[in-house]
Amino acid sequence: MPHITKKTVLHQIRQFKNSIFQFSHLPFSDILSTDALDLIIEHSESSRDRIFTPLVTLKAFIFQVLSTDGSCRQAVNHVLSERLYEGKLANSIQTGAYCKARQKLPQKQLKQAVESSGQALHQQAHKSWLWKGHNTLLTDGTTVLMPDTQENQIDYPQQSNQKPGLGFPIARIVGLISLSAGSVASYAMGAYQGKGSGETSLFSQVIGVIAENDILLADRYYCTWAIIALIMQQNSHILVQNHAQRKPDFRRGKKLGAKDHLIEWEKTKRKPGWMTQSDYDALPNKIVFREFSVKGRVYVTTLIDAKKYHKQELAELYTQRWIVELDFRSLKTHMKMEMLRCKSPDMVRKEIAVYLLAYNLIRASIARAAKVKKQIPRKISFMTTVQIFNEGILSLIVLSEKGLKYAIDGLLNAIASIPIGQQKRKPEPRAVKRRPKSYPLLKKPRNKAREAINS
């Protein structure tokens, strides 16, 4: 970055924090910390552009992924509106400068901002949001598509059963999401197929984020010896459904109740591909965990105190594992992350980081409203908050200190006023009335189809 004074940097950071409702008098006031923003400024590539500074560019990028349009033009128009509100000269609405400025944002520091903001929100969750004093994390994998460019195909090849030119590059993402606050605490991404691209391989990159005394909820794919042993090693806990290939025998082990016992599981001879031999050798030769059955479903957990953690309560807690699917739906469907826009792998990784950062900022706004209005974050509408977030940014720029206080209170009231999960609707068929457009499927690469039209 060109030389700028510390005073200028702090002013830019303060403006950025105000624009994302991160005021010092509100709860969770330092979710996206000054240090994280300072690192983004420090590691951004040098630029002479005085309009699209790193934080202006990042804010425009966040607005872009949250907007209904999702275009670069709308992001630039948002910057124009902000400058006019502040009494500054209008910027050009050509997108070239903005697109170049996005390329200069540092991908590593963006990812760090996602994880630091998500973990801060998770760790600061109010005690009434916890389960028996435990903070809980959810994990699962999902995929995203991206433009079919040669660069993207090299790093994130399309699925092998698709013909060249007819598929889209695809990436796999594994995330750790807070059950209480809904924030993304960590994530790892890679190609959809190939060595080191499986769900458990990517999960091994984020497992260290699970803090002591935290509980991890995961599907039965994560019920492996190595994962359970690693989680026990770091004094965390796990609750999963039993793997389909493991056959329970409740006659063995120490009985805790009806179809509830402690058993030993010896280390398998073959290590998983995502672990080094030395790390695998460092794990104990056997682990002791709890296995129980509720309504025909068998669960595995490291919460072995049957009096403190009744199996019915654990089974009820596990039903909340599916919330991670709703979180991915919010990202992929509501925020339109399912199909990315960037045409190079480096920009794809930045785009994903900004999507997840924007998601965390929305979750932080929900958490603030929930804390102030004494509600549960998971019972507040995510998309309503996105709409209020987008519309409220500009209104905060020109307000006086007194007007700002009333405006923020009004925005928090609005966010907390739309509960979810209380609608009573009649069952509907899983079918659509509107007919799809009658375009045929593309059966040859687009460039060849274009040549056929012109010939």
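The values are calculated or read from the model by the stated rules, or taken from the named source; none is laboratory data. Quick caveat, the model's predicted, so the values are computed rather than measured. Cβ placement follows ideal geometry from the backbone for every residue including glycine, while neighbour counts extend to all protein chains displayed. Side chains are part of the model used for accessible areas, which takes the heavy atoms of the whole protein and leaves out ligands, DNA and RNA. Shrake-Rupley method; radii C 1.70, N 1.55, O 1.52, S 1.80 Å.
A compact table of results
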quantity	calculated
Glu316-Gln162 FRET efficiency (beta carbon distance; Förster radius 35 Å; 0.05 resolution)	0.25
Chain lengthening between Tyr406 and Thr8 when straightened (0.36 nm per residue, less Cα-Cα)	140.5 nm
Whole-angstrom gap from the stretch 168-225 to the stretch 326-397, using each part's C-alpha centre	20
Packing-based order for 269-279, 218-228, 354-364, using average beta carbon neighbours within 10 Å, highest first	354-364, 218-228, 269-279
Spin-label model distance (nm) - Arg435 vs Gln233, 7 Å beyond Cα toward Cβ	6.0
Rounded percent of accessible protein surface that carbon and sulfur make up, the chain, 1.4 Å probe	51
Stokes-Einstein diffusion coefficient of the chain, Kirkwood radius over Cα pairs, 4 °C, 1.567 mPa s, in µm²/s	53
Convex hull per residue volume in Å³, alpha carbons only, for the stretch 285-325	93
Cα gyration tensor shape for the stretch 40-168, rounded if a/c is under 1.5, else prolate or oblate	oblate
Per residue solvent-accessible surface (Å²) - the stretch 186-262, probe of 1.4 Å	46
Principal axes of the stretch 158-293: Cα extent on each, largest first, Å	58, 36, 32
Pairs of alpha carbons in the stretch 204-245 whose separation is greater than 13 Å (percent)	49
Cα-projected label distance for Gln277 with Thr333, points at 7 Å along beta-carbon direction, nm	4.8
Rounded if a/c under 1.5, otherwise prolate or oblate - the stretch 96-173, Cα gyration tensor axes	oblate
For a label point 7 Å along the Cα-to-beta-carbon line of Leu130, residues of the stretch 237-263 with backbone N under 16 Å	237-238
Span per principal axis, largest first, for the Cα atoms of the stretch 182-230 (Å)	34, 26, 17
Where trypsin sites (Lys or Arg not before Pro) fall in DSSP loop in the stretch 18-81, at most 13 other Cβ within 10 Å	Arg48, Arg50
Crossing angle, helix 34-43 versus the chain [Cα axis fit, 0-90 degrees, rounded to tens]	70
Average accessible area per residue (Å²) across the stretch 104-171 - probe 1.4 Å, nucleic acids and ligands excluded	45
Lys444-Tyr85 FRET efficiency (beta carbon distance; Förster radius 35 Å; 0.05 resolution)	0.10
21 Å Cα-Cα reach of Lys308 towards lysines, excluding residues that sit fewer than 8 places from it in its own chain	Lys127, Lys132, Lys254, Lys255, Lys259, Lys295
The stretch 20-74, accessible area per residue, ligands and nucleic acids excluded (1.4 Å, Å²)	42
Shape category assigned to the stretch 147-236 from the gyration tensor of Cα positions, a/c cut at 1.5	prolate
Cleavage-rule hits (trypsin sites (Lys or Arg not before Pro)) in the stretch 104-160: DSSP loop, at most 14 neighbouring Cβ within 10 angstrom	Lys132
Heavy atoms of Met232: accessible area, 1.4 Å probe, square angstrom to 10	60
Lysines with Cα under 22 Å of Lys111, excluding same-chain neighbours fewer than 8 positions away	Lys17, Lys59, Lys100, Lys332, Lys336, Lys343, Lys350
